[in-house]
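Following: one structure in structure tokens, then a few remarks.
The values are calculated or read from the model by the stated rules, or taken from the named source; none is laboratory data. Values in this document were obtained by computation on a predicted structure and should not be read as measured data. Cβ placement follows ideal geometry from the backbone for every residue including glycine, while neighbour counts extend to all protein chains displayed.
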Amino acid sequence: MNSFSAFPRYAILALILVINFSEAALSPQEIIKRADQARYPEGQFSFFVKVTDKDEFSDSKETVYLVHTKDTNNSLVETKAPERMRGRKLLMKQHDLWMFLPNLKKPTRVGFEQRLTGEVSNGDLARTNFSTDYKAKLISEETIEGKTCYKLLLTATHKEVAYRRIVYWVSKTDFVPVQVNFYALSGKLLKSGKYSNVKPVLNKNRVTQLVITDALKGKKQSVLNYFNFKKASYDDSFFSKESLSD
Amino acid sequence: MTKEYVLLFSQKLSLALELLSRLTQLGLFFLPFSLSAVVVQSQINTQSRLGYHLVAPTDLSSHRHELEINHVIKFQSPWSLGTGFRALVEGAYATNSSRYPDPVRTRDTQDVILRDLYLQYKSGLTTLTFGNQQVVWGEAFGFYYADLINPKDFRDFGIGPLERNRLHIPMINFKLNFTDNVFQFLYVIKPFFNKTPNIGSDFSFPFNRFFAPGTFSFNDERTQDISWKSAEYGGRFTPNISGIDLSFLYFNYFDRAPVYISSLSSGQTEIRGKHNRLETLGATLSLPISTLVLRAETLLHRHKHFNKFSGALNSFISDQFVGVLGMDYIVGDRWRLGVQLGENYRFRTEEGVLEKASTQLITVHGSLTFFHDRTFDLLVAYAPHDGSSLTEISYTLPLSKRIDLLIASDLFNGGSSSQFGLYHPATRAYIQIKTYLGSESRL
């Protein structure tokens, strides 16, 4: 074999090595950071989320929220439907949480762990990024529904998060989240979630549906549908307790 | 009686609809501005209540219908406009005349209350709200302590949502919001006072203990003329320090609650409600501790007037300290549990004073939401200084996305001269239908 005819083979081998090296260089933290981008845009934005709660005892219940977020430390969740709950607001600012109820007309301090509705916690709606609250460790690779995924263990870096431990499956090809398990500090599985419905949102493909299932009561489920994402520009004062009653 | 009531209700509903149309015309007046409106939020809520006394005579206590309409128009600019009113008719006063004579029958059978009518500018650090509005201070629940800016509607003892019982008043409300530090300044153009129960209602002041029925007349001022002397002013500084919500407040104002002054004129006793100026300094705190939230308020009322009776109804001046401490456990919108202790301490006393120098209130409240969004609410307020109590129980059953059925009872217990026992005859049960209509349009 002469050196000229072997050139394409060496080139392909070099390309394969470069690709593998690039993938190997991607840290677990970088993987979840890319997965965060497949869930939400960067910067300041707003979006609607429709939460449909289902269980074996009742018909499904729908609640619609409008979420404003400046960064991982500032989020405001407004209830838009049903009509009897319209006007309720939830402000998350760093590790503090306030609720505004129209029948009181003043903000009330609440604990961060409190649940908002059904299987969805305040942290599920208000917090947007795992990369800032968790330290990631790559466990293995698994195939979920035909997709090769990174399986990562996320451990909370501080105690003011809703879940102390998360197991997270992220697609290896496009870093879109596929599945998630939420655990208590004791290691007990609290709930599991499946991401789906990938759509173009603000110039990037992102997941727009999350189905959360109660690990103990399998028939209790919440379906979160995200829509109407918009870029925004907020003053810091927009995310203050005193602005809730304005 | 039924025909009379239906006629009365129809007349008042027509009045409400006429007001609604005038408000709509007001909106049309702003049409040039509305062309730049971005969001129009509308709310139309109705309430109908039927209640009976549980203490003999077990007769009609309430046959009330209410209509409330609120609009908020947000413009493209930093301006927004808020409007709202409530119209109500209380049929029990009209139909149960044996229990509810004049003046409550003529004064409180119907009412139209202007609520929001404000223009707001909100941009960056600044929020300026001018007009009829509510401003709420304080961290306590269930009762009004630091919540002293707006007068309250106490014609039904103040039972029900706190927001509903606050009466909107015209004021200039200026806020500088530095996010973790907020400065607020208030200037009340024209003072308004609590709507107190008229003589003959379930919750009227017991004048009969001091004067024989039919020998006195009563008049309570509801407002004063606009002048520099009658203006009210104050402010609040709200810092958030290491996760603790603090506020420091000062307000110079006319007491929302009256003291009663009696005088003899032409052989008839005239009683008038008088509202004296006082000033209040205070501090409030709210602090999460693990899954609980600690709330506290301390207030010092200076130069407050208190009622006394020494042959005639009169008043004297004293400072008063108010302290409130509470703890809450809240689980989202599912359930909540809280306990609160309140202490009112008056520094001076005089012979014939109607209220003890030191009074306490222990309040426990709980709310549980279970399947199908059914909610059970309980509030128990116990006054250790006289052993009386108030228990409010309610059960809310959503009938649809927009209609709720409420079944409730208010129980007043204690000695006949105690804080709550005085109103034992008003103990009642009722059912209520609420409807929620509304829309939000983005233009």
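Remarks
- Lone qualifier among B:Thr435, B:Thr349 - being crowded, with 16+ Cβ neighbours inside 10 Å, in contact (Cβ under 8 Å) with a residue 24 or more places away in the chain, over 20 Å from B:Gly158 (Cα atoms) and out of contact with any His (no Cβ under 9 Å at 6 or more places or on another chain): B:Thr435
- Any hit, the stretch B:232-252, residues being under 26 Å from B:Asn219 (Cβ atoms) and of a type in the set (S, T, N, Q): yes
- Whenever a residue of the stretch B:387-404 is more than 11 Å from every other protein chain (Cβ to nearest Cβ) and crowded, with 17+ Cβ neighbours inside 10 Å, its partners that are in a strand (DSSP E or B) and of a type in the set (Phe, Trp, Tyr), lying with C-beta atoms within less than 6 angstrom and at least six residues away or across chains, give the pairs B:Ser389/B:Tyr382; B:Leu390/B:Phe412.
- Residue count for the stretch A:26-53, restricted to those that are in a helix (DSSP H, G or I), of a type in the set (Asp, Glu) and touching an Asp or Glu at 6+ places or on another chain (Cβ under 8 Å): 0.
- Residues that are assigned to a strand (DSSP E or B) and either surrounded by 15 or more Cβ atoms within 10 Å (Cβ to Cβ) or of a type in the set (A, V, I, L, M, F, W, C) (or both), drawn from the stretch A:217-246: A:Gln221, A:Ser222, A:Val223, A:Leu224, A:Asn225, A:Tyr226, A:Phe227, A:Phe229
- Any hit, the stretch A:188-208, residues being touching a residue at least 60 places away in the same chain (Cβ under 8 Å), in a loop (DSSP other than H, G, I, E, B) and under 30 Å from B:Asn173 (Cβ atoms): no
- Any hit, the stretch A:165-180, residues being in a loop (DSSP other than H, G, I, E, B) and touching a His at 6+ places or on another chain (Cβ under 9 Å): no
- Here the helices (runs of 4 or more DSSP H) wholly within the stretch B:1-106 that include at least 1 residues being at pLDDT below 60 and touching a strand residue (DSSP E or B) at 6+ places or on another chain (Cβ under 8 Å) are B:2-29, B:31-34.
- Those residues of the stretch A:222-246 which are within 12 Å of another protein chain (Cβ to nearest Cβ) and among the aliphatic types (A, V, I, L, M), in sequence order: A:Leu244
- Qualifying residue in the stretch A:110-118 (condition: over 25 Å from B:Arg295 (Cβ atoms), within 14 Å of chain B (Cβ to nearest Cβ) and modelled with pLDDT under 85): yes
- The numbered conditions (1) more than 8 Å from every other protein chain (Cβ to nearest Cβ); (2) farther than 25 Å from A:Arg34 by Cα; (3) modelled with pLDDT under 75 are all true for A:Leu101 except (3).
- Among residues of the stretch A:165-202, those that are in contact with a Ser or Thr (Cβ under 9 Å, 6 or more places away or on another chain), charged (D, E, K, R) and under 14 Å from A:Ala35 (Cα atoms), counted: 2
- Only one of the listed residues (B:Phe141, B:Phe211) is part of a loop (DSSP other than H, G, I, E, B), under 13 Å from the mean Cα position of the chain (by Cα) and in contact (Cβ under 8 Å) with a residue 40 or more places away in the chain. That residue is B:Phe141.
- Subset of the stretch B:289-315 [free of Cβ contacts under 8 Å to residues at least 40 places away in the same chain, in a strand (DSSP E or B), surrounded by fewer than 18 Cβ atoms within 10 Å (Cβ to Cβ) and at negative phi]: B:Ile289, B:Leu292, B:Leu294, B:Thr298, B:Leu300, B:Arg302
- When B:Phe174 is tested against the conditions (1) within 13 Å of another protein chain (Cβ to nearest Cβ); (2) outside any loop (DSSP other than H, G, I, E, B); (3) touching a Lys or Arg at 6+ places or on another chain (Cβ under 9 Å), the lone failure is (3).
- Members of the stretch A:76-92 that are modelled with pLDDT under 90 and under 16 Å from A:Ser237 (Cβ atoms): A:Met92
- Inside the stretch B:209-251, residues that are of a type outside the set (A, V, I, L, M, F, W, C) and within 23 Å of B:His275 (Cβ to Cβ) make up a count of 18.
- Residues located in the stretch B:405-443, provided they are away from every other protein chain (no Cβ under 14 Å) and of a type in the set (S, T, N, Q): B:Ser409, B:Asn413, B:Ser416, B:Ser417, B:Ser418, B:Gln419, B:Thr427
- Lone unmet requirement of (1) closer than 30 Å to B:Gly366 by Cα; (2) surrounded by 15 or more Cβ atoms within 10 Å (Cβ to Cβ) for B:Ile244: (2)
- Residue in the stretch B:281-288 that is more than 14 Å from chain A (Cβ to nearest Cβ) and in a loop (DSSP other than H, G, I, E, B) present: no
- Just so you know, in the stretch B:231-257 the residues that are within 27 Å of B:Phe316 (Cα to Cα) and part of a loop (DSSP other than H, G, I, E, B) include one that is nearest to the other protein chains (Cβ to nearest Cβ), and it is B:Arg256.
- Filter result (more than 10 Å from chain A (Cβ to nearest Cβ), among the hydrophobic types (A, V, I, L, M, F, W, C) and farther than 16 Å from A:Lys106 by Cβ) within the stretch B:113-156: B:Ile113, B:Leu114, B:Leu117, B:Leu119, B:Leu128, B:Phe130, B:Phe154
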